[in-house]
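Below: one structure, written as structure tokens.
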Amino acid sequence: MKQYLKIDEWSIIEESFDPQTQEISESVFSLGNGYMGGRANFEEKYSGPSLQGSYMAGVYYPDKTRVGWWKNGYPEYFAKVLNSTNWIGINIDIDGVPLDLAACTVSKFRRVLNMKGGTLFRSFTATTAEGKEVQVESIRMVSMARREIGAIRYSIIPVNFAGVLTVTPYLDGDIKNKDSNYDEKFWNEVEKQANPDGGHLTLKTKKLDFHVTSAYLFDILVNGETFAGEAEAIQQEKYVGSKANLTVQAGDQVVIYKYAANVTSRNYGLGQLVDAAHTLLQSAREAGFVELLTEQAEAWKEKWKESDIIIEGDVSAQQAIRFNIFQLNQTYTGEDDRLNIGPKGFTGEKYGGSTYWDTEAYCVPFYLSTADSTIARNLLIYRYKHLEKAKENARKLGFKKGALYPMVTMNGEECHNEWEITFEEIHRNGAIAYAIYNYVNYTGDKAYLGQYGLEVLVEISRFWEERVHYVPHKDKYVMLGVTGPNEYENNVNNNWYTNRIAAWTMEYTLEALAYLQENESARYAELVDKLGLLKNETAQWNEIIAKMYYPADEERGIFLQQDGFLDKELIQVKDLQPENLPLNQKWSWDRILRSCFIKQADVLQGLYFLGDRYDLDTKKRNFDFYEPITVHESSLSPCIHAILACELGYKDKAYEMYLRTSRLDLDNYNNDTEDGCHSTSMAGTWMSIVHGFGGLRVQADRLILKPSNPGHWTSYSFKIMFRGSRLQVNVTDAQVTVVNETNIPASITIHGKEYTVNGLSSITAEGSSVAV
């Protein structure tokens, strides 16, 4: 863990240049708008450590699988979200010498991510090896108002010399993914055109035929006057640029405005790409950089109006939650139901940028509460559209019926190629079923069951039915050879969480069937016929539910993570020497697998999901046993522990886990932020406040709040949307105030007492001091 970023409520600030942290900063200072985004690479040349990254949502490449030992059932490829055309580039030469911070003496360096306005600012003074000094300022944005548009204002002042500055704005498509399995470049050039004031470049993927057209225009001002000279157009393979030579005196200010448009064949016909890019680009240039900034500020103002969380008395905690919310809003807007949320968003290429179970388990709650319900609904429809592929995935692994959703996907096909994940981490099916329940329970949109949800639930239940088997001497159904959420265990028998979420899925499927039979009988009959659902199937599900085996230790009163777990040497994390951590970077895989140490919530994941089924004593016994042996080396771990710690009244642990999840990337807790931020776990950070300290649940169509204060905060507030109402919840030790900002009344329960918050009114209840 390294803390080098300044603490500020609305900004992420770096006040010195260190090449050793450059790749971390490239991740943290990333920009995006749900349609495109990129890492905080420098505009000018940089020869130091850097991971160049510019990404277009939904554009990917099926990179051929690379494994040491091929196993039947492996996918043929791993889907990579592609590093696309670098549109931010503006090279600067000082009397023929490139401006390169890796080769300069750098002072007065400052980089600021303005989360309130959605911009990236950078300034520095650089002295070349020849002693020539320049002052540089840049401000960059990826427009939330015009999704295809990015814009840059880049200013340079020669301080102690007169000479020639060469300015070269460009587009570079000759790029590759660092994680390419065979060091392959994934793009072919289709066409290009370089002009003195800009140009365009169209590339297509070598497979799948995605086309991306990038176009740019630029303006140069010298001391406020438009540059009178003409730039030289440059064309190279997969590259277009414009080179302008400017004779300058010491103190002159050169300002470059660069506008870029990026359009894809996902949204335009192949014959429309170039014209669309230029039309969008010309409109942006005519609006001008100042107007684009104004639009950006207004767009972000609306985002924060819906999703901001305010913490008084703890600036570190405040900065952290806003950073997490900022990244979530940059990553996914919900406007396109073909898209989902990659674990790294637009901040890096690790994990392929593909869809994982993280979306259903962690991201859906955030979008349910901070946006119109159609946004979360689109995330569910994304999986519905992949149902046939999920059924194919199950057949590939030898199952006769049912659906197995992939661990990693872009189009519904499984594309993860580690056997313990691809074949064994099947609990992912349960998260997809749970998301349907979560959506229907939160929104009250039971029509979704008949429209889409039931088909997914039935096929997942069919998979579970075939995946378990009956053991006569136990009179139980068991599930062998699985990997639970704790990936530091592989090929275990009877993972408690997997068994439990499988049985719960069948329970919920039966509930959904009963609801439709009673309330939408015609649709029920249609679906029974479409699915070929037989009575003996539902009877079998009932039997499995009744006879599912759950490993437990009666003496300790805990659920066992899996059979034989107590045969391990039980050592707590606090008893490890610091040099052993993180385990995944210090220990062999063999040593990790034999140890008791847990990567992330496993049993506790189930107790969170199904919290209404278990009393506090059960949760306490399991938390007290499992948390001390959990190393939290998954970004998805601390948030679940924070929520449960709040419920159990573990004040210090709840706050510790909140800081760990919220500042995971800002402070590089797991020593891996250089690969990209942990975008999906950021939704877990939001959950740790709203579901944890806020105690939010939905039961019997009522919003339940049990607010608590960790003791480090004077007050905190958050906003939630619930069935048409937008509620602001303000929490202090003395009282809880709920303000309804809409005309739609809301029924809520606070610390067990029922209230109705009428439209455009507020209520005040007993404060948070009763808890935690």
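Would you compute, from DSSP H runs of 4+ residues alone, the mean residue ellipticity of the chain at 222 nm, taking -39500 (n - 2.57) per run and dividing by the full residue count, rounded to the nearest 500?
It lands at -9000 deg cm²/dmol.
When each pair of different Cα atoms in the range 15-89 is counted once in the 1/r mean, what is the Kirkwood radius in angstroms, to one decimal?
14.6
Which of Leu208, Trp300, Ala250 sits closest to the plus end of the dipole of the range 191-331, meaning its Cα is farthest towards the positive end, when Lys and Arg get +1 and Asp and Glu get -1 on the C-beta?
Among Leu208, Trp300, Ala250, the one farthest towards the positive end of the dipole of the range 191-331 is Leu208.
So, taking all protein chains as they sit and a 1.4 Å probe, how much accessible area belongs to His386, in Å² rounded to tens?
Estimated to the nearest 10 Å², His386 gives 20 Å².
Here is the link list: Lys620/Lys653; Lys80/Lys207; Lys719/Lys753. Which ones come out longer than 18 Å on Cα distance?
Lys719/Lys753
How would Trp300, Trp587 rank on accessible area, largest to smallest, probe 1.4 Å?
Heavy-atom accessible area, descending, gives Trp587, Trp300.
Which of the lysines could a cross-linker span from Lys45 if the Cα-Cα distance has to be under 18 Å and same-chain partners fewer than 8 positions apart are dropped?
Within reach: Lys132, Lys176, Lys238, Lys243, Lys258.
Report, please, the projected area of the range 495-633 averaged over directions, based on the convex hull of its C-alpha atoms, in nm².
That works out to 11.3 nm².
With a probe of 1.4 Å, find how much accessible area the range 1-97 has per residue, and write the answer as a whole number in Å².
Each residue of the range 1-97 exposes 36 Å² on average to a 1.4 Å probe.
Got the relative contact order for the range 374-526 handy, in percent, Cα pairs under 8 Å and 6 or more residues apart?
Reported relative contact order: 22 percent.
Keeping all protein chains in position, work out how much accessible area Ser762 exposes to a 1.4 Å probe, and write it in Å² to the nearest 10.
Its heavy atoms expose roughly 70 Å² to the probe.
Applying the Karplus parametrisation 6.51 cos²θ - 1.76 cosθ + 1.60 with θ = phi - 60° to the phi angles of the range 524-533, what ³J(HN,Hα) value in whole Hz is obtained for each residue in order, glycine and proline being reported as x?
4, 5, 4, 5, 4, 5, 4, 7, x, 6
Defining a contact as two alpha carbons under 8 Å apart and six or more residues distant in sequence, what relative contact order in percent does the range 45-169 show?
RCO, the range 45-169: 22 percent.
Across all directions of projection, what mean area in square nanometres is found for the Cα convex hull of the chain?
33.9
For the charge dipole of the range 52-161, defined by +1 on Lys and Arg C-beta atoms and -1 on Asp and Glu C-beta atoms about the Cα centroid, which residue among Ser84, Val106, Gly58 has the Cα displaced farthest towards the positive pole?
Projecting each Cα onto the dipole axis, the largest value belongs to Gly58.
Considering the dipole of the range 648-767 built from charges on the beta carbon (Lys and Arg +1, Asp and Glu -1) around the Cα centre, which of Ser688, Ala734, Thr749 is farthest to its positive end?
Positive-end residue among those listed: Thr749.
To the nearest 20 debye, what is the magnitude of the charge dipole of the range 73-130 about its Cα centre, counting +1 on the Cβ of each Lys and Arg and -1 on the Cβ of each Asp and Glu?
500
About the Cα centre of the chain, how large is the charge dipole given +1 on each Lys and Arg Cβ and -1 on each Asp and Glu Cβ? Please answer in debye to the nearest 20.
Result for the chain is approximately 1020 debye, rounded to the nearest 20.
Taking θ as phi - 60°, what are the ³J(HN,Hα) couplings along the range 646-651 by the Karplus curve (6.51, -1.76, 1.60), each to the nearest whole Hz, with x for Gly and Pro?
4, 4, 8, x, 8, 4
Thinking of the range 132-259 as a set of Cα atoms, what percent of all their pairs are more than 21 Å apart?
51
Mind listing the phi-derived Karplus ³J(HN,Hα) values for the range 246-254, rounded to whole Hz, using 6.51, -1.76 and 1.60 with θ = phi - 60°, and x for any glycine or proline?
Coupling constants for the range 246-254: 10, 7, 10, 10, 4, x, 5, 10, 9 Hz.
At 1.4 Å probe size, put Arg322, Arg153 in order of accessible surface, largest to smallest.
Arg153, Arg322
How big is the charge dipole of the range 548-606 about its Cα centre, in debye rounded to the nearest 20, if each Lys and Arg gets +1 on its Cβ and each Asp and Glu gets -1 on its Cβ?
300
Would you please classify the overall shape of the range 668-720 from the alpha carbon gyration tensor, given that a ≥ b ≥ c denote the square roots of the eigenvalues, rounded means a/c under 1.5, and beyond that prolate means a/b larger than b/c while oblate covers the rest?
oblate
Which whole-number percentage describes the relative contact order of the chain, with Cα contacts under 8 Å and a sequence gap of 6 or more?
It comes to 12 percent, rounded to a whole number.
Keeping all protein chains in place and using 1.4 angstrom, which order do Leu610, Leu659 fall into by accessible surface area, from largest down?
Result of the area sort, largest leading: Leu659, Leu610.
Please give every one of the aspartates and glutamates within straight-line cross-link reach of Lys71, meaning a C-alpha to C-alpha distance under 19 Å, and leave out same-chain neighbours fewer than 8 residues apart.
Partners found: Asp63, Glu392, Glu413, Glu414, Glu418, Glu420, Glu424, Glu425.
The values are calculated or read from the model by the stated rules, or taken from the named source; none is laboratory data. Here the structure is a predicted model, which means the values were calculated and not measured. Ideal geometry is used to build each Cβ from the backbone, glycine not excepted, and the neighbour counts take in all protein chains shown. Remember, those area values only see protein heavy atoms, side chains included, never the ligands or the DNA or RNA. Shrake-Rupley method; radii C 1.70, N 1.55, O 1.52, S 1.80 Å.
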